[in-house]
């Protein structure tokens, strides 16, 4: 599990109980006279004030996967279009693209383990209608280069920040740099609502379309009873419940402490691992990770195997690399496209075989990470 899950306590339990005490309204819309709070709306506002002050809209939805799908639909992406994302990714991003009927195009990764701008530039065509960089395992992609490429070709950027809540590019939080920013609040994220997600929209027009699509096309005209409201488009149900909204508000209050404790453990590994056969993942100058995962790059398979054995024996385990590798690398996704193993995908796969992802657990003492570093340093290989 990860920090958001680890800090669940009385505050979240009380928040859920209060919903029953205040009228048992579980739905995010209507019932104005029966409720004291609109928890989802308040969570949306709080998220925007912390992470996306310059974005026009903040919308909470049922999952990060749903958020990506909604952004694509708001851009009217469908059959005949192409959407570019990266080969190291969670499969949800790819599923959302494929579900629209658009063609999936995959880039190689750079030394940040995120989208390679050079690879991206070579894959753009007249059919490209969106670019989705993903900030994998808490480290920002090269957004300056990716945004520049997008602007040069007038292609919108959907910034998938599901795995990097709290990371920064210069002074801006990830998720606030593209045309859309996507967050996830599932059980393994820095902030959790069990399941849930959010979309930040730069354009008011696209933000309105996203809101309509996630709510069966409802315009939600102010002052109009919901049953008499009209539809602005064909939509779907990707709404967040009031339970998740109330839970999320309490988690967000804890986020500064989560980030602080995660950073302490991350820095301990950074300062104490000194094995000659181990290097660190690159983080571009001026960028900051969210400290939820520490990725090392090892020089050979034998050393990698020994490091993984140490992590499993000490109950840290690994995160995505190699645990759940098949869910995070396109090399394994022939069920999506039998021809998916392009040169870019194969090159990404080879690079990831040298990596080990160490989860940062705030339930583990900082001293545990010092001891872990000592064990890694003592590895022969």
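The values are calculated or read from the model by the stated rules, or taken from the named source; none is laboratory data. Given the structure is predicted, the values throughout are model-derived calculations rather than measurements. A quick note on method: Cβ atoms are made from the backbone with ideal geometry, for glycine too, and the neighbour counts reach across all protein chains shown.
Here are some notes:
- Evaluated against (1) surrounded by fewer than 14 Cβ atoms within 10 Å (Cβ to Cβ); (2) within 29 Å of residue 246 (Cβ to Cβ), residue 127 falls short on exactly one condition, (2).
- Restricting 78, 122 to residues that are more than 19 Å from the chain's Cα centre (by Cα), farther than 27 Å from residue 241 by Cα and either not in a loop (DSSP other than H, G, I, E, B) or not assigned by TED's automatic domain parsing to the domain that holds residue 184 (or both) narrows the list to 122.
- Check on residue 265, crowded, with 21+ Cβ neighbours inside 10 Å and over 23 Å from residue 362 (Cα atoms): no
- Filter result (part of a loop (DSSP other than H, G, I, E, B) and under 29 Å from residue 356 (Cβ atoms)) within region 84-119: 87, 89, 90, 108, 110, 111, 112, 113, 114, 116
- Residue match in region 52-62 (condition: touching a helix residue (DSSP H, G or I) at 6+ places or on another chain (Cβ under 6 Å) and on the phi > 0 side of the Ramachandran plot): no
- All positions within region 37-62 that are under 17 Å from residue 22 (Cα atoms) and in a helix (DSSP H, G or I): 39, 40, 41, 42
- In region 19-36, the residue that is modelled with the lowest pLDDT out of those that are in a helix (DSSP H, G or I) and out of contact with any helix residue (DSSP H, G or I) (no Cβ under 7 Å at 6 or more places or on another chain) is 21.
- Some residue of region 316-331 being more than 23 Å from the chain's Cα centre (by Cα) and either modelled with pLDDT under 95 or surrounded by fewer than 22 Cβ atoms within 10 Å (Cβ to Cβ) (or both): no
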